[in-house]
1. Evaluate E = 1/(1 + (r/R0)^6) for Ala163 and Trp41, where r is the Cβ-Cβ distance and R0 equals 25 Å; express this FRET efficiency to the nearest 0.05.
2. Counting pairs on different chains as well as pairs 8 or more places apart, how many Lys pairs in the chain have Cα atoms under 13 Å apart?
3. Cα-Cα pairs above 17 Å in the range 87-151: how many percent?
4. Dipole magnitude of the chain about its Cα centre, charges +1 at Lys/Arg Cβ and -1 at Asp/Glu Cβ only, in debye to the nearest 20?
5. Out of every Cα pair in the range 69-222, what percent are spaced more than 19 Å from each other?
6. Specify which residue in the list Ile10, Leu246, Gln278 is farthest towards the positive end of the charge dipole of the chain, using unit charges on the beta carbon of Lys, Arg (+1) and Asp, Glu (-1), about the Cα centre.
7. If we count every other residue with Cβ under 15 angstrom of Glu262's Cβ, Lys/Arg +1 and Asp/Glu -1, where does the sum land?
8. Over the chain, what number does the Rg to Rh ratio reach, with both radii from the alpha-carbon atoms and Rh per Kirkwood?
Amino acid sequence: MKHSFKEWMIAVRPWSFPASAMPVLVTLAFLNYAGYEMNWWYGVWALLNIIVFHAAGNTWSDYFDYKKGVDREDTFGAKTLTDGMFTPKEIYRLSLGLLTVALLGGIGLMLCTGLPLLYVGIGGMLCTLLYPMLKFNALGDADIFCAYAILPMLGTSFVATGAFHYEVLWNAIPVGLITVGILHANNTRDMQHDKRANIKTFAMLMGNKASAYAYCFEMVFPFVWVIGCIVAGVLPYYSLLVLVALMPALKNASMAIKFLKEGMTAIANLDEMTAKLQLIFSLLLTISLFVAYFIG
């Protein structure tokens, strides 16, 4: 079956890519601000590679969600399989193809930078391959925080500077929490459908009320954290620029509260809205770090 470019884009869900791209951009900006000598080409390579890895993870998750019966015709989210746009075999092959490209890219980057990158790559691969199982057993949020905050930030620091700089992980809390919020919004919305499929997500364990409030925390605490880092001298005062994103964050949080009264339809697109917030928040943080570097 032939597919259009638009259909392939729908399959990989590019709206979610800020979750993988932004940790790399923020890390590069932070390392530059901190004064490290950097290889920008390797940084860009890492950025492109993690986006391909993310696309592989999206399709891998869709395949197993469909096979497990989590995604059906009446569920929200991607309709690539439930509407018959693609066959399960096509999505499975697409996922393996993307994963192969990402692995080859990672191996090439490792050969250029050093063997320690292998450990980050293995961690990322395990997070991708084990994600469906972990998600079905309430560990998906932890997997996402590791895969799209800790590992990419450490990996980027290594490829860009030749060493692991653990101070970049100060940024893992705000960036990672918003990314986890994308999954948490999805799982909160889909609790009834997930229960039908006999799986347990972290949102299901928390219940409706606690889950909604946890999402609000994931949207608001990143701003508190950034302010704390500014006070502590970890981030420049220019990073107050992220407060521009506070209004959309509060809007997302209010949508989560509406879920308690109006049900899943109130947060039908909250995962996409959270991904947009990730893009705005992290771009503002990145810009602030570059401004601090050039202006001082």
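1. 0.90
2. 9
3. 51 percent
4. 500 debye
5. Cα-Cα pairs of the range 69-222 separated by over 19 Å account for 62 percent.
6. Result: Ile10, furthest along the dipole toward the positive end.
7. +4
8. 0.97
Laboratory data are not the source of any read-out in this text; all were calculated from the coordinates shown. Given the structure is predicted, the values throughout are model-derived calculations rather than measurements. Cβ: placed from backbone, ideal geometry, glycine included. Neighbour counts: every protein chain shown.
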